[in-house]
1. Averaged per residue, what accessible surface does the chain expose to a 1.4 Å probe, in Å²?
2. Kirkwood Rh over Cα pairs of the range 222-359 into Stokes-Einstein at 25 °C, 0.890 mPa s: D in µm²/s?
3. So for the range 52-135, Kirkwood radius off the Cα pairs, Stokes-Einstein at 20 °C and 1.002 mPa s: how many µm² s⁻¹?
4. For ILE112 paired with TRP321, estimate the spin-label separation in nm (one decimal), with each label point 7 Å from Cα along the Cα-to-Cβ line.
5. Go ahead and run the numbers for FRET between LEU345 and LEU57, Cβ-Cβ distance against an R0 of 45 Å, rounding to 0.05.
6. Considering only the other residues whose Cβ falls under 11 Å of the Cβ of LEU70, what net charge follows from Lys and Arg at +1 and Asp and Glu at -1?
7. Which value, in Å to one decimal place, does the Kirkwood hydrodynamic radius take for the chain when every pair of different Cα atoms is included?
8. Provide the FRET efficiency to the nearest 0.05 for the ALA138-ARG66 pair, computing r from the beta carbons and using R0 = 45 Å.
Amino acid sequence: MRNKGWGLTGIVARILMLLAAGLLLMSYASTIVNPAKAWYMNVIGLLFIPIVILNVLLLIWALKRRSGALFIPLLALLPSLILIGRYVQFSSGAEEGDKPVKIVSYNVGRFIMGRKPEFKTAGGPVACVDSVVRFIKATDADIICLQEVDLSGEYDVAGFVKEHFPDYEAGYFMHINKEGAYGNVTLSRFPIEGKGHFQFEKSSNQAIYTDLKVNEGSKIRVYNCHFQSYNISIKNLVKSGGKDSTLVRNTEEKLKQSIARRPEQVERVMADIEDCPLESFVVGDFNDNPMSYTYHRLKKGRKDTFVEAGKGFGATYSTLWPFIRIDYILYPSHFKAVSNHIPKLKYSDHYPVVAEIQL
C-alpha cells in the first residue's frame, strides 16, 4: 500500500509540475503574443512572479524527494534567471561620469489619496497636491513626466505650472470638463521645441510628447504615456470573495477591454517613434508588467533604468507591492543609466520612478 500511495503522489506531482511549467512557458510567450488576439496571455504574463514561485516550490519538493521529475521545473525556470531582473535587482547603477540628466515619472492618481484621513486634517486633496509638489521640487529633476494630473477649483494647468514650477517649461494635454482638468503634464528645464499628443479612441488615457533641446544642436523626444487603465477595484473583488457575480462579470469585461485596447495605443506611439529622427525616451504608466507585449514593444531599441541601475524590488503599484511593476523610464540603449530610485510615497496608489541617465 505504501508503494501504491507513493506512486499516486508521484503521478499527481508530475502533473502539477507539467501544468506549472506550461504556465511559465506561456508567461514567456506573453511578451511577443499580441493580447488583442489572445487576452488570457496578458493575464498569464501578469502572474509571472506567482508562477515562478510555484515552480520553485515544486523544484524544492522534487529535490527533497530526489525525484527524477525535478528536471521539469528546473528547465522551465532557466529563462527566469534572466527575466527576474525585470522585477528585482541586487546591484545598482554605473559609475557617474558627466553630469547626468535626472528624469521623474509619477502617476499622481488624480490626487485621490488626498481624501485619506491623514490628508483631510491638513486640507484634503489640496494638501496632497502640495505634498507632491514638495517631493518633485526636492528631486531637482531636469525632466518631470506626470500622469493622471487632476486640477480643479482654483487650479488651472498654466497657473499651476507658473506658481509651482516657474523654472520649467511645460507641455501638456488635458481633458477639460465642469469638474476641472485631467491629463498628462511634462515639465522640462530644457527648452521645449516641439509638442504633440495622441488621443486614444474610446479612452480618457493618452500619450504626449515633447521635443527638448538638451545640448547645442542636440534634441531628444520624450513620450509621456498613460496607456489604457484597468478601472477595476481589486479591494472590492477581494471583499466580495468572488460571490458577487455582477461584480465578477464587470471586472472580467473591463479586464478584457483594457487588454484589447492597450496594444492599439502602443502601436500608435510606436509608429511615431519609428518615424521620428530624434532619440526617443518612453516614460510613464504603461498599466502593464515587464512580461507583457506592451513592455516588449516599447523597449525595442531602449533600455530600462530599473534593470540597468535599480536595486531591490522594482514594483511601482502600491496596492499589490512587491508584485506589480507598471511605471517605467525607457531610454536609448547607447546611453547609460546611473541610478534608479523608487520612493515609497503615500500620495498616490503609484510610486514615482526617479532615474539619472548620461546622454
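The values are calculated or read from the model by the stated rules, or taken from the named source; none is laboratory data. Owing to the predicted nature of the structure, the values given are computational and were not obtained by experimental measurement. Note that each Cβ is placed from the backbone with ideal geometry, even for glycine, and that neighbours are counted across all protein chains shown. These accessible areas exclude ligands, DNA and RNA; they are computed on the full protein's heavy atoms, side chains included. Shrake-Rupley method; radii C 1.70, N 1.55, O 1.52, S 1.80 Å.
1. Values: 17690 Å² over 359 residues.
That works out to 49 Å² per residue.
2. Details: Rh = 16.2 Å.
My calculation gives 151 µm²/s for D.
3. Details: Rh = 17.9 Å.
In µm²/s, the coefficient rounds to 120.
4. 1.8
5. Working: r = 33 Å, r/R0 = 0.74.
In this case the efficiency is close to 0.85.
6. Details: positive: ARG14, LYS64, ARG65, ARG66; negative: none.
Local net charge: +4.
7. Details: mean 1/r = 0.0455 Å⁻¹.
Mean inverse Cα-Cα distance, inverted, gives 22.0 Å.
8. Values: r = 55 Å, r/R0 = 1.23.
Working from the Cβ atoms, E equals 0.20.
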